[in-house]
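Take a look at the structure below.
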Amino acid sequence: MTVTWQMYAIVCPLVFLAATVDAIGGGGGLISLPAYLMAGLDPVTASGSNKLSASFGSLMASVKYLRSGKLLWKPSLMAVLGALPGAFAGAELLKRVPEDFARKFMLFAIPVVAVMLLIKREFPARSREMTWKRLAVCYLIGLGCGVYDGFFGPGAGTLMILGLSWCAGLDAVTASGSAKVVNLASNVGALSSMIAGGRVLYSLAAPAILCSLAGGYLGSYLAIRKGARLIRCVMLGVLALLMARLAAEYFGG
């Protein structure tokens with residue numbers, strides 16, 4: 001597939017915005033996945049390319065949260081153990097469903113997850129003591145979110161944050177930091193399947209990696225210093241425009 005400057009102009013700025021938003025409260029895939037679709041990629045290649053660029057944004061944000069002491073290892077690592085195989089299985093499933101089904105699922109799932117983001121409420125922080133029961137639940141959260149992330153993706157980070165807040169009793173910023181490690185693992189798990197199947201457009205995703213790194217750094221900085229309210233509003237505004245464009249292309253074509 002020939003990559004044009006118009007495709008770069010669509011994908012790169014939105015990947016930067018997506019990585020910024022994702023590092024704060026998750027949900028960045030609601031922006032970056034439609035961006036790849038708008039650039040003309042089929043759903044599976046769009047998902048694979050998005051996983052590649054998103055992985056670097058998650059890595060940058062994870063490092064930033066770690067250095068700031070906003071990452072709790074035990075629940076994160078248990079969730080990672082579930083997220084890796086879960087995301088690989090989800091990506092394998094995506095490669096096996098008809099393309100038209102995958103596109104229709106994305107058109108349905110993106111606004112549903114957007115509504116979840118809009119009405120999201122934080123759980124009150126509780127004791128951080130990790131029992132085996134809590135750690136087992138963290139594993140199941142990682143497994144379930146991993147399958148969802150591998151098959152679809154957008155909103156998986158937010159679901160992980162909510163799950164870790166509930167299970168591990170973390171405050172919002174620490175839950176976000178801990179979830180980024182899990183998100184990184186699920187991205188890598190799904191990406192390994194997409195690379196093996198040749199469903200990554202490197203010529204488009206490679207420049208987007210730089211934008212994702214920059215966005216991951218900025219988003220984690222803002223989350224640690226200021227919080228996520230303003231950025232979430234920006235995300236929902238951009239999402240509305242992207243959904244209108246994506247739906248117009250699908251139903252008009």
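Count of region 1-29 residues, restricted to those that are polar (S, T, N, Q) and under 28 Å from T174 (Cβ atoms), is 1. Of all residues in region 193-224, those being touching a Lys or Arg at 6+ places or on another chain (Cβ under 9 Å) and farther than 23 Å from E92 by Cα number 7.
Against the definition (more than 19 Å from L52 (Cβ to Cβ) and crowded, with 24+ Cβ neighbours inside 10 Å), how does A185 come out, yes or no?
Working: more than 19 Å from L52 (Cβ to Cβ): no; crowded, with 24+ Cβ neighbours inside 10 Å: yes.
No: the conditions fail for A185.
Within region 210-227, at least one residue is loosely packed, with under 15 Cβ neighbours inside 10 Å, farther than 26 Å from D42 by Cβ, modelled with pLDDT of 75 or more and over 16 Å from the mean Cα position of the chain (by Cα). With respect to the conditions (1) more than 16 Å from the chain's Cα centre (by Cα); (2) at pLDDT below 90, D42 lacks only one, and its number is (2). If the condition is being surrounded by fewer than 24 Cβ atoms within 10 Å (Cβ to Cβ), over 22 Å from G69 (Cα atoms) and β-branched (V, I, T), then region 137-181 contributes only V137.
If you go through region 196-217 and keep only what is assigned to a helix (DSSP H, G or I), in contact with a helix residue (DSSP H, G or I) (Cβ under 7 Å, 6 or more places away or on another chain) and over 20 Å from Y8 (Cβ atoms), you end up with just Y217. Report whether or not S193 is more than 15 Å from the chain's Cα centre (by Cα) and at pLDDT below 75. Considered against the rule, which asks whether it is more than 15 Å from the chain's Cα centre (by Cα) and at pLDDT below 75, S193 comes out as no.
The values are calculated or read from the model by the stated rules, or taken from the named source; none is laboratory data. Because the structure is a prediction, the values reported are computed rather than measured. Glycine gets a Cβ as well: all are built from the backbone with ideal geometry, and neighbour counts include every protein chain shown.
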